[in-house]
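For reference, the structure is listed below as structure tokens.
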Amino acid sequence: MLKEERQNYILDQIKLNRKVLSSNLSQELKVSEDTIRRDLNELSINGLIKKVHGGALPIDPKAPSYEERSNHNLEEKNIIAKKAVKLIKEGQVIIMSGSTTNLQLAKIIPSNINATIYTYSLPIALQLTEHPSIEIIFIGGKLHKAAQVTVGLDVVSSISELRADLCFMGTGGINVSNGMTEPDWEVSHIKKCMISVSNKVIALCTKNKINEIKRYTAVPIQKIHTIVTDIDPNDTIFNDFKDQGITIL
């Protein structure tokens, strides 16, 4: 890969993930960490990134848009969605969080499935309007514009009155010690409420979310029944999760 291609890749990753680590970039691009450090130095000198110890951060504090996040890791999200959709059965009551992986799942629910789906995600609700036999119940509240979800006490109150067979939940990060964590306080509280009304909690997460920790705990690891991922379920990264009795798909 040429230097310009490497640096464009680095800029794309910073835009989408809000940070990069030199060690990860070295593995992803199959070059030495010295090469990555030189690339980061050059990008920093040109005012395109903020170089920090072990990696880099964006100059622009603006978070990626929902559309940008939806298109990030799209292949991995589609792999997860194809696994997760097999868990949906006729007549179930389902609640979905506002993750972009759940959006991909909503796109491929078979047309012959009759189910009721609750969601506080505007894009997911709109996507499900194209399904001929899904009953959609949108949980209203204050709109979080960046995440395209509703938040606040009205959302928590509405969810607390439900009873769901399945909960499909995206995550900011998940590990055995901290469970499922989120960067947003309001979202973490909504997810706590979601698990309290669900018979089965299914976490949908790409590999980069495994063993990642965000600021607020949303779901203790003991409350998660299944993790659906884009990588081999037999990968050793899941050993600690399996020890907790969690099914990996």
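Results, tabulated for the structure shown:
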read-out: Which listed pairs, of Lys86/Lys200; Lys86/Lys142; Lys83/Lys192, have C-alpha distances above 26 Å, in listed order; value: Lys86/Lys142
read-out: Debye, to nearest 20: dipole size of the chain, +1 on Lys, Arg Cβ, -1 on Asp, Glu Cβ; value: 300
read-out: Candidates Asn208, Asn78, Asn41, ranked by Gaussian network fluctuation over the chain, Cα under 10 Å, top entry; value: Asn41
read-out: Segment Leu11-Leu153, length gained on full extension (0.36 nm per residue, minus Cα span); value: 47.3 nm
read-out: Region 112-123 - phi-based ³J(HN,Hα) in whole Hz, Karplus 6.51/-1.76/1.60, Gly and Pro as x; value: 8, 7, 9, 7, 10, 10, 9, 8, 9, 9, 5, x
read-out: Heavy-atom surface of the chain, accessible at 1.4 Å and reported per residue (Å²); value: 51
read-out: With Cα atoms, 0 to 90° folded angle of helix 74-84 axis to the chain main axis; value: 30
read-out: Between helix 33-45 and the chain: long-axis angle, C-alpha atoms, 0 to 90°, nearest 10; value: 90
read-out: Integer Hz, Karplus 6.51/-1.76/1.60 couplings in order for region 21-31, x for Gly and Pro; value: 10, 4, 4, 5, 4, 4, 6, 5, 9, 6, 9
read-out: Trypsin sites (Lys or Arg not before Pro) within region 8-88, DSSP loop, no more than 16 other Cβ atoms inside 10 Å; value: Arg18, Lys19, Lys30, Lys62
read-out: Set Lys89/Lys191; Lys30/Lys191; Lys30/Lys145 screened for pairs whose C-alpha atoms are more than 28 Å apart; value: Lys30/Lys191; Lys30/Lys145
read-out: Built amide H within the under 5 Å cut-off of Gly179, gap 5+; value: Ile221
read-out: Carbon plus sulfur fraction of accessible area for the chain, probe 1.4 Å, in percent; value: 49
read-out: Distance from region 38-112 to region 115-146 (C-alpha centre basis), Å; value: 19
read-out: Acute angle (nearest 10 degrees) that the helix 3-17 long axis makes with the longest principal axis of the chain, alpha-carbon atoms; value: 40
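The values are calculated or read from the model by the stated rules, or taken from the named source; none is laboratory data. Note that the structure is a prediction, hence the values are computed from the model and not measured. With ideal geometry, Cβ positions are generated from the backbone for all residues, glycine too; neighbour counts draw on all protein chains shown. SASA here: full protein model, heavy atoms, side chains in, ligands and nucleic acids out. Shrake-Rupley method; radii C 1.70, N 1.55, O 1.52, S 1.80 Å.
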